[in-house]
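Trainee: Let me begin by handing over the structure; questions about it come next.
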Amino acid sequence: MKVLVLGNGGREHALAWKLAQSPKVSQVFVAPGNGGTARDPQLKNVPISDVKQLADFAVEQKISLTVVGPEAYLAAGAVDEFRARGLRIFGPTKAAAQLESSKAFAKAFMKRHGIPTAAYETFTDTAAAHAYVDAQGAPIVIKADGLAAGKGVVVAMTLPEAHEAIDWILADNKLGVVHNEGGARVVIEEFLQGEEASFIVLCDGKNVVPLATSQDHKRLLDGDQGPNTGGMGAYSPAPVVTPNVHAKAMHEIILPTIAGMAKDGHPFTGFLYAGLMIDEHGQPRTVEFNTRMGDPETQPIMMRLKSDLVDVLLHATDGTLDQVELQWDRRAALGVVLAAHGYPLTPRKGDAITGLPADGPDGMVFHAGTVLDGEVLRTSGGRVLCATALGESVKQAAQHAYELAASIEFDGRQLRTDIGHRAIKR
């Protein structure tokens, strides 16, 4: 069978790499793909981004399964378009994807269905937003309402930072983010104390299968300092997600969300990612929902998955996930992101990349912001590569991943040296 993966990032490279391992698969297409998927003989890039043209391609090529990677395709209604043509696709509809594409939609949904999250208010009026922040005090969280590629959240530790974020996101709309009804809008939330973890599950509209737990590092610099990014590295499993936290996350957050979406007329199919904040008492609350796999969490999770991903996703698209039990490598996996000069605000493109290590069963370098320029691999985005490895412990996985990263060179390369530090301390 032929499989199509939509997207061009590290998440899509990891999904395509895993799908290609299935004995059922003759060809994996990646649209539009990146420099890494272009170099992999098992994968084939397709230079198409338009949803209707992608559906045309799937019909022409007799694609048996399409997997959506990034949120932009979901918000553009890729799943609706493919299903309208009788094509098998894994992901949520445009209406269900509002859990990610609109922070205001997600917060109102959680409030309506009693799902634990931070207190919040939503604003389109700049003066009202400033007044609310003055009344609440800092620390406080300012979020752009709309898709912002992981850069639309400011955790303001002081009032001046909060006011600056409101001006940046709302008054000036420097991010260019437009919410579902048009214009700029912010969601202002209470600051939650605790440790964050990524809780990702597979959903078929009714049944839920949790993936291995993971944790990513959002800040650019060591010690969780610097600006928020899309993620500078991740590892799996996440020790902070104890069996007790896992049970609470499933019963208080995930299952009520799936039931609530069905009740509201938007059955949720696809990957559902709950960003959890876990307090000192082991109580998880929902920071946000993503309606796709995380990046860079996908890379270590796919390294650990032993089950045939094609089989799993066929069950998911048939509504029979209750028949699935996932098999995992008992080892830990960890991924270190190598980012471009100027990331996250002004990443530079076009720098030549050298020193890529050979891929192996216990270590892979997944590509994200790369492009093949003839024979030369160059940077083409903010997060360029993710050096990912398995190890007997998080510490050993980190050592192996950093060994892979050490040989890779490009001008202005940025990477954190402490990915996994919380798990290693535990």
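The values are calculated or read from the model by the stated rules, or taken from the named source; none is laboratory data. From a predicted model like this one, the values you see are computed outputs, not experimental measurements. Neighbour counts are summed over all protein chains in view; Cβ atoms, including those assigned to glycine, are modelled from backbone coordinates with ideal geometry. SASA here: full protein model, heavy atoms, side chains in, ligands and nucleic acids out. Shrake-Rupley method; radii C 1.70, N 1.55, O 1.52, S 1.80 Å.
Trainee: Given the criteria of a type outside the set (Ser, Thr, Tyr), in contact with a Gly (Cβ under 8 Å, 6 or more places away or on another chain) and at pLDDT below 90, does Val177 qualify?
Mentor: yes
Trainee: I'd like the full set of residues that are surrounded by 23 or more Cβ atoms within 10 Å (Cβ to Cβ) and under 19 Å from Thr388 (Cβ atoms), limited to segment 190-229.
Mentor: Ala197, Ser198, Ile200, Leu211, Thr213, Ser214, Gln215, Asp216, His217, Thr229
Trainee: Which of the residues spanning segment 243-270 are within 27 Å of Thr229 (Cβ to Cβ) and either out of contact with any Pro (no Cβ under 8 Å at 6 or more places or on another chain) or assigned to a helix (DSSP H, G or I) (or both)?
Mentor: Val245, His246, Ala249, Ile253, Ile254, Thr257 - these are the residues of segment 243-270 that are within 27 Å of Thr229 (Cβ to Cβ) and either out of contact with any Pro (no Cβ under 8 Å at 6 or more places or on another chain) or assigned to a helix (DSSP H, G or I) (or both).
Trainee: Among Tyr343, Tyr273, which is assigned to a loop (DSSP other than H, G, I, E, B), within 30 Å of Val155 (Cβ to Cβ) and among the hydroxyl-bearing types (Ser, Thr, Tyr)?
Mentor: Tyr343
Trainee: Restricting to segment 326-337, name every residue that is surrounded by fewer than 24 Cβ atoms within 10 Å (Cβ to Cβ) and touching a residue at least 60 places away in the same chain (Cβ under 8 Å).
Mentor: Answer for segment 326-337, where residues must be surrounded by fewer than 24 Cβ atoms within 10 Å (Cβ to Cβ) and touching a residue at least 60 places away in the same chain (Cβ under 8 Å): Leu326, Trp328, Asp329, Arg331.
Trainee: Still on this structure, I have one more. How about segment 38-78: which of its residues are under 16 Å from Asp295 (Cα atoms) and not aliphatic (A, V, I, L, M)?
Mentor: Once the filter is applied, which keeps residues that are under 16 Å from Asp295 (Cα atoms) and not aliphatic (A, V, I, L, M), segment 38-78 yields Gly69, Pro70, Glu71, Tyr73.
Trainee: Kindly state which helices (runs of 4 or more DSSP H) lie completely within segment 81-146 and contain at least 3 residues that are closer than 25 Å to Val201 by Cβ.
Mentor: Of the helices (runs of 4 or more DSSP H) lying wholly inside segment 81-146, those with at least 3 residues that are closer than 25 Å to Val201 by Cβ span 98-101, 103-113.
Trainee: Residues to consider are Pro237, Pro243; find the one that is modelled with pLDDT of 95 or more, more than 19 Å from the chain's Cα centre (by Cα) and under 19 Å from Val394 (Cα atoms).
Mentor: After applying the criteria, what remains is Pro243.
Trainee: Please enumerate the residues belonging to segment 102-153 that are under 30 Å from Ala78 (Cβ atoms), among the small types (Gly, Ala, Ser), touching a residue at least 60 places away in the same chain (Cβ under 8 Å) and open to solvent by 10 Å² or more (accessible area, probe 1.4 Å).
Mentor: Ala104, Ala149, Gly150 - these are the residues of segment 102-153 that are under 30 Å from Ala78 (Cβ atoms), among the small types (Gly, Ala, Ser), touching a residue at least 60 places away in the same chain (Cβ under 8 Å) and open to solvent by 10 Å² or more (accessible area, probe 1.4 Å).
Trainee: Next up: Suppose we keep only residues that are buried (at least 17 other Cβ atoms within 10 Å of the Cβ) and in a helix (DSSP H, G or I) within segment 52-71. Which one would you say is nearest to the chain's Cα centre (by Cα)?
Mentor: In this case the residue turns out to be Glu71.
Trainee: Quick one: how many residues across segment 359-412 are outside any strand (DSSP E or B), within 25 Å of Trp328 (Cβ to Cβ) and modelled with pLDDT under 95?
Mentor: Residues that pass the stated criteria total 2.
Trainee: Something else: Give the residue that is surrounded by the fewest Cβ atoms within 10 Å (Cβ to Cβ), with candidates limited to residues of segment 19-41 that are in contact with a Ser or Thr (Cβ under 8 Å, 6 or more places away or on another chain) and of a type outside the set (Gly, Ala, Ser).
Mentor: Among them, the one singled out is Pro32.
Trainee: Here's a follow-up. Could you please let me know if Arg292 is of a type in the set (Lys, Arg), over 19 Å from Gln193 (Cα atoms), open to solvent by 10 Å² or more (accessible area, probe 1.4 Å) and modelled with pLDDT of 95 or more?
Mentor: Yes: the conditions hold for Arg292.
Trainee: Same structure again: Restricted to segment 295-321, and to residues that are of a type outside the set (Asp, Glu), part of a loop (DSSP other than H, G, I, E, B) and within 24 Å of Gly360 (Cα to Cα), which residue is most open to solvent (accessible area, probe 1.4 Å)?
Mentor: Within segment 295-321, the match that is most open to solvent (accessible area, probe 1.4 Å) is Lys306.
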